[in-house]
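Q: Can you keep this structure in mind? I'll have questions shortly.
The values are calculated or read from the model by the stated rules, or taken from the named source; none is laboratory data. Because the structure is predicted, anything quoted here is derived from the model rather than measured. Note: ideal-geometry Cβ built from the backbone for every residue, glycine included; neighbour counts use all protein chains shown. All accessible areas refer to the heavy atoms of the entire protein, side chains included, with ligands and DNA or RNA removed. Shrake-Rupley method; radii C 1.70, N 1.55, O 1.52, S 1.80 Å.
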Amino acid sequence: QPDCFYFSVLLDLCLLKKKSPDVDCLVVNLDYVSCKWNKTGTPEVNYTFYSKLGNDQWKICNHYLTENNVNIGCNQQVDSGDRFKTFRTRLTNGSENFEKGHELKKQVKLNPPTNLTVLNGSDFNLWFYWNHTSPAPLHCVEGEVRFRTNNNNWDFSKVSAGIQKYCINLPSSSSRYELQVRNRIDDSCGESIFWSDWSEPVVWGSNNSTYSKDLMSPWTPVIYLVGVISFILLAMLLMHHERLRIILVPVVPKPSPFLHNIEDWFQFSKGLKDNFKPDYNERACPVREYNYVSQSDVVSSDGSTCSVTTDQTDCSIEHDPEDLSSPFPSNPVSSEEVQKASV
Amino acid sequence: MKLIVFCLFTIYCCSLVKASPMERKKLQEVLRELKMLKRDFPNTELMMNTPPKDIEDCCCLTALTCFRETLLQQFGISGKYQKKLYKSLNHTLTISGLNFCNTETSTTNCSTCHSHPKEKASEFFNRLESLVQRGLSRIN
């Protein structure tokens, strides 16, 4: 029987623990305290709510929050300084009595800032201004701003307590700026752990601007086309004119211990390369001064003329007039011209 | 004579106007010094007479005196931050900034310092911090 007794006591305690409602309280905008006990679901019974601030008397709730005709919460008016005092709550239902103590100093949630406006300043910067509606002094309220450009990702920035403005430097006239702000109690006045909701957004900028990150100029495709054509022309020019290619793109010699001929270091054409061969032999074309001699002078001479018999073919080198690579193009000289040139 | 009275009255009015920002700055300075002391304080388990969490408006100055004297008794003013904090808690601007009492009759009901139960040093510092924050949240 003692076992049964202990078992029933334990069972009662478990059931009691299950049934006891958990009250959560939040100071809203430093105007009132909102307490709710429906975290685990709508209660089965209607509780009567009492609250006590510091050493004051218990006060009954005069503004219940209901759900399906069941009390689930209570809003109680408080002064802004009351959050530094211990806040006690009591839920009663007949003989049941559930009391709990709350530290409200940090359990504050302000209303979002209002009257968010934007101005284009005389310094060409974008200035945003807002107000807060709580009774908290200005030096007790710190803010946080988020803004984005052309619907890109949000950028966040903290605003110190006592300041209710924000600046975006030198905005682009072709971009769209959107900004929101939220606030909370500052650390010097008992920092609240909850931020307010974001304010209504304010937008500045061009409505017709495209939201692509790179706005393309109409001249860009033209410039690209001109560049491509120029490149093709340059490539064609270089392919057909080796000399020009050598000038624009100098050949870098590639010395190697295995190559004995210096012309192998350079990537020249065959015609040009032949000119560097050590066994290259080109007959010199004799150049004589023309001197017209009459027939009588030719006969009276002792025959020791200075005319030099030359091979008629000395200067007739096979030459391809189209081969520009040959550095020594020679013109065919007729035999008559050779005789005339005798000294 | 009238001119002297007028000038004195003007100076008095100006001092009233300027008092709020100076009180605010002083209380913010007290908070900073308190945070430095809390950070460097080695023994947070030390037990000290601590005013209660719920201090009546007219007992705040009594509580301030208790905090100050307990600090002096426990730590002295040898340390850098202890000395600064003690001086700040003794400053007239701090006293005026934490004077929430509008009536003069309630001070007799405030508990003495030795009657307060002892709490850990961490709780002592937290309650002092709350008192100063309460003062700052009332200054406009």
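Q: Between A:ARG243 and A:TYR64, what is the label-point separation in nm under the 7 Å Cα-to-beta-carbon projection?
A: Here the answer is 10.8 nm between the modelled labels.
Q: If you take the Cα Rg of chain B and divide it by 2.2 N^0.38 Å, with N the number of residues, what do you get?
A: 1.18
Q: Ignoring ligands, DNA and RNA, how much accessible area is buried between chains A and B, both sides summed, with a 1.4 Å probe, to the nearest 100 Å²? Please list the in-between numbers first.
A: Numbers: alone 24010 and 8840 Å², together 31470 Å².
Roughly 1400 Å² of accessible surface disappears when A and B pair.
Q: Still on this model: Hey, can you rank B:74-83, B:54-63 by average C-beta count inside 10 Å, highest first?
A: Final packing ranking: B:54-63, B:74-83.
Q: A further question on this structure: Taking a probe of 1.4 Å, how large is the accessible area per residue of chain B, in Å²?
A: 58 Å²
Q: Grab the beta carbon distance between A:TYR129 and B:ILE4, set R0 = 30 Å, and tell me the FRET efficiency rounded to 0.05.
A: Computed FRET efficiency for A:TYR129 and B:ILE4 comes out at 0.10.
Q: Report the percentage of all Cα-Cα pairs in the stretch A:32-180 whose separation exceeds 25 Å, rounded to a whole percent.
A: For the stretch A:32-180, the fraction of Cα-Cα distances above 25 Å is 51 percent.
Q: Using a 1.4 angstrom probe on heavy atoms only, work out the carbon and sulfur share of the accessible area of the stretch B:16-140 in %.
A: Details: 3390 of 6610 Å².
Summing carbon and sulfur atoms, their accessible area is 51 percent of the total for the stretch B:16-140.
Q: Okay, next question. A drop of at least 30 square angstrom in accessible area, chain alone versus all protein chains together, probe 1.4 Å. Which residues of the stretch A:104-142 meet that?
A: In the stretch A:104-142, residues shielded by partner chains: A:LYS105, A:PRO137, A:HIS139.
Q: On full extension of the chain, what length is gained from A:VAL45 through A:TYR224, given 0.36 nm per residue of separation minus the C-alpha to C-alpha distance?
A: Values: separation 179, 0.36 × 179 = 64.44 nm, distance 7.75 nm.
Value of the extension gain: 56.7 nm.
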